[in-house]
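First the structure, in the form of structure tokens, and then the observations on it.
The values are calculated or read from the model by the stated rules, or taken from the named source; none is laboratory data. A quick note: this is a predicted structure, and the numbers were derived from the prediction, not measured. Please note: Cβ atoms are built from the backbone with ideal geometry, for glycine as well, and neighbour counts cover all protein chains shown.
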Amino acid sequence: MIKVIVAEDDFRVAQLHEKFLKEIGNIEVSAKALNAEEALKAVSEHKPDLLLLDVYMPDRLGTDLLHELRELQPALDIIMITAANEKDMIAKALNYGVVDYIIKPISMNRFIETIEAYHQKKRLINSSDTLDQKVIDQLIGKETEDTESQGTSSVPKGIDQLTLKKVRDLLKQYATEGLTAEEASAHLGASKTTSRRYLEYLISTKEGTAEMRYGKVGRPERKYFYQL
């Protein structure tokens, strides 16, 4: 479970961020802070994994907190979500190692994509006590090749090799009965959105097929099958 604190002076925006986070799952919003002082206090008390930080807050700039936050909790990951698009602010945030910098207004898709990418990085880091070059390249965003099943062709941005292998193996495991995106999500511990993206990617590479089936309550659902 990833612990998150939302530091945003507009409570309506903070609630929206919390709603987006619930769409992903396996995330706990430990606290919401309406100003810089509350943000520092919340980080000190809750020791979160991730802080969603605005720049323009009533008492101090979010970028001015970065040094204190690093001293307070060196391993804290920070994603800036703000209307601030000044070059100096962005450069300062990047120099302090923020995970991402998102300019408002943001879309749900952009938000979820960022959090899921962060989630995947956490899984990669926690996958072993030592990391090989391939995993390190993924962590720093370097393009890698799928040497296992795709030969020398590279996968598109947003498709992680390790997650792709898990989805492929899962689809093989349920080759007869097939899987919905929701069922794949439960097995993988990822969001339904992420699961569907990988399943659709396997269709695009001719490794999977899909068809509409009627579920238990009579609603049509898209079932994915491994292409034998």
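Tabulated results
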| quantity | calculated |
| --- | --- |
| Qualifying residue in the range 109-124 (condition: more than 11 Å from the chain's Cα centre (by Cα) and closer than 19 Å to residue 8 by Cβ) | no |
| Members of the range 14-28 found to be crowded, with 18+ Cβ neighbours inside 10 Å and either assigned to a helix (DSSP H, G or I) or modelled with pLDDT of 95 or more (or both), listed by number | 14, 17, 20, 21, 24 |
| Which numbered condition residue 4 misses (of (1) closer than 19 Å to residue 119 by Cα; (2) at pLDDT below 95) | (2) |
| Meets criteria (modelled with pLDDT under 90 and either assigned to a strand (DSSP E or B) or more than 24 Å from the chain's Cα centre (by Cα) (or both)) for residue 206 | yes |
| Residue that is nearest to residue 122 (Cα to Cα), among those in the range 5-43 that are free of Cβ contacts under 8 Å to residues at least 12 places away in the same chain and under 15 Å from the mean Cα position of the chain (by Cα) | 22 |
| Pairs, first closer than 16 Å to residue 56 by Cβ and touching a residue at least 40 places away in the same chain (Cβ under 8 Å) in the range 68-87, second among the hydrophobic types (A, V, I, L, M, F, W, C) and surrounded by fewer than 18 Cβ atoms within 10 Å (Cβ to Cβ), C-beta under 7 Å, six or more apart | 81/102; 81/106 |
| Helices (runs of 4 or more DSSP H) contained in the range 92-179 and holding at least 1 residues at pLDDT below 80 | 108-125, 133-139 |
| Candidate set: the range 154-190, residues that are touching a residue at least 24 places away in the same chain (Cβ under 8 Å) and in contact with a strand residue (DSSP E or B) (Cβ under 6 Å, 6 or more places away or on another chain); chosen: the one surrounded by the most Cβ atoms within 10 Å (Cβ to Cβ) | 179 |
| Criterion (over 24 Å from residue 20 (Cβ atoms) and not aromatic (Phe, Trp, Tyr)) met by exactly one of 45, 86 | 86 |
